[in-house]
Amino acid sequence: MRNIKRILVAIKDPSARTLPAVRKAAQLAKACGAELELFHSLSQTIMVDALQAQAINLRDYERQQVERTVARLETIAARLRRHRIRVSVAAEWDHPPAEAIVRHSIRRKVNLIVAERHAGRHVAGWMLSYTDWELLRLAPCPVLIVKTPRPYHRPTVMAAVDPLHQHAKPVRLDAEILLTAASLKSALSGAMQVVHVCPPPVVVTAGWVAGPVMLPGSDGQQGVLQARAALEAELERLPLPAHKVAVLEGVARETIPATARSIKASIVVMGAVSRSGLKRLLIGNTAEAVLDALPCDVLIVKPGRFKSPVPARSRGAQLMTIPSQMTI
């Protein structure tokens, strides 16, 4: 996140009347002196039979759609260039959208991806594919998910950290979260709040037990003090600007959004570790759990050694042909 040189904006609909992700990415590009690239992935399925019925060549259709999309992106770029922002545009056939965005970002060596969040709630996210969540899992660079249309104005940047590494995060990830939040705070002339949420004592009740049992090592007050000491030690090692610190007791998926709301945060910076299969289903991902509940934008950073599993080769257009005869 630090030393941002190139920002990629993933534009879902170039014809949309409002593009909050573009507006906020432009703010960041202007503040950081970075280049901005507007990108749209043409991921819709092409019905080959429909093209044949209209006597349209597939390659010509693909080329026409790319040219039309680039023209729309250039209209957006022209408005941004009036503010002395370096802007380029790109559109290509590739699918699914999240992989297409990641592939393009890797080729272009971008430092930040900006995208709008999925409209509505994420239902059964571990079963279904949502572009914003897939970007969080697959992108090797930080991803800013834009949730609100309001432009940044001296924003409060909240860094959500885990100094005791209770969610199995790499040690260096907290430092990256803090330095990223600090760079945002400085670039946007805002404020910075560091927050850590300690899990509450766990109470177990079973039919064969006379009463509730407190799990060992889960004393609430002691945990808060231990977390604050670890957090202060971490903060002392880093060159951070002025900031406030809060260590709270609660459930992360509830307390983080509530805290962001109470301090009127504009951006919450968090870390994510990609998980898969049964382990991910059981443990979950804190970044995903709070995404729906957060009232503001969220910036996700990854461990330094994270490598995207997305194949380098583009999939091209997604084609479908309806058989003229179907046999049973």
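Just so you know, all these numbers are worked out from the coordinates, no wet-lab data involved. Since the model is a prediction, treat every value here as computed from it, not as a measurement. In this analysis, Cβ positions are derived from the backbone assuming ideal geometry, glycine residues included, and neighbour counts consider all displayed protein chains.
Can you work out the Karplus-derived ³J(HN,Hα) for every residue in the stretch 239-246? Use 6.51 cos²θ - 1.76 cosθ + 1.60 with θ = phi - 60°, whole Hz, and x for glycine or proline.
For the stretch 239-246, the Karplus-derived couplings read x, 9, x, 4, 7, 10, 10, 9 Hz, x marking Gly and Pro.
If amide hydrogens are placed 1.01 Å from N in the peptide plane, which non-local residues have theirs closer than 5 Å to the one on Ile267?
Thr156, Met158
Give me the number: length gained by fully extending Gln221 to Asp292, i.e. 0.36 nm times residue separation minus the C-alpha to C-alpha distance, one decimal in nm.
Contour length minus Cα-Cα distance gives 22.6 nm.
Anything over 21 Å Cα to Cα? Flag those among Lys244/Lys307; Lys147/Lys185; Lys147/Lys264, in the order listed.
Going by Cα-Cα distance, Lys244/Lys307 fall outside the 21 Å limit.
Figure the gain on full extension for Arg261 and Ser88 (residue separation times 0.36 nm, minus the Cα-Cα span) and round it to one decimal in nm.
58.8 nm
For the residue pair Ser186 and Arg81, what label-to-label distance in nm results when each label sits 7 Å from Cα along the Cα-to-beta-carbon direction?
Going by the 7 Å Cα→Cβ label model, 3.2 nm.
Non-local amide H neighbours of Arg117 (under 5 Å, H modeled in plane, Pro and chain starts lacking H): which ones?
Those qualifying (amide H under 5 Å, at least 5 residues apart or on another chain) are Val146.
Just to verify a number: FRET efficiency for Ala312 and Glu74, C-beta to C-beta distance, R0 = 22 Å, to 0.05?
0.20
Taking 7 Å along the Cα-to-C-beta vector as the label spot, tell me the Leu238-Glu254 distance in nanometres, rounded to one decimal.
2.7
Could you work out how far apart the two model spin labels at Arg305 and Val66 are, taking each label as a point 7 Å from the Cα in the direction of the beta carbon, and quote it in nm?
3.8
Please list 27-36, 12-21 highest first by mean number of surrounding beta-carbon atoms within 10 Å per residue.
Ranked from most to least packed, the peptides come out as 27-36, 12-21.
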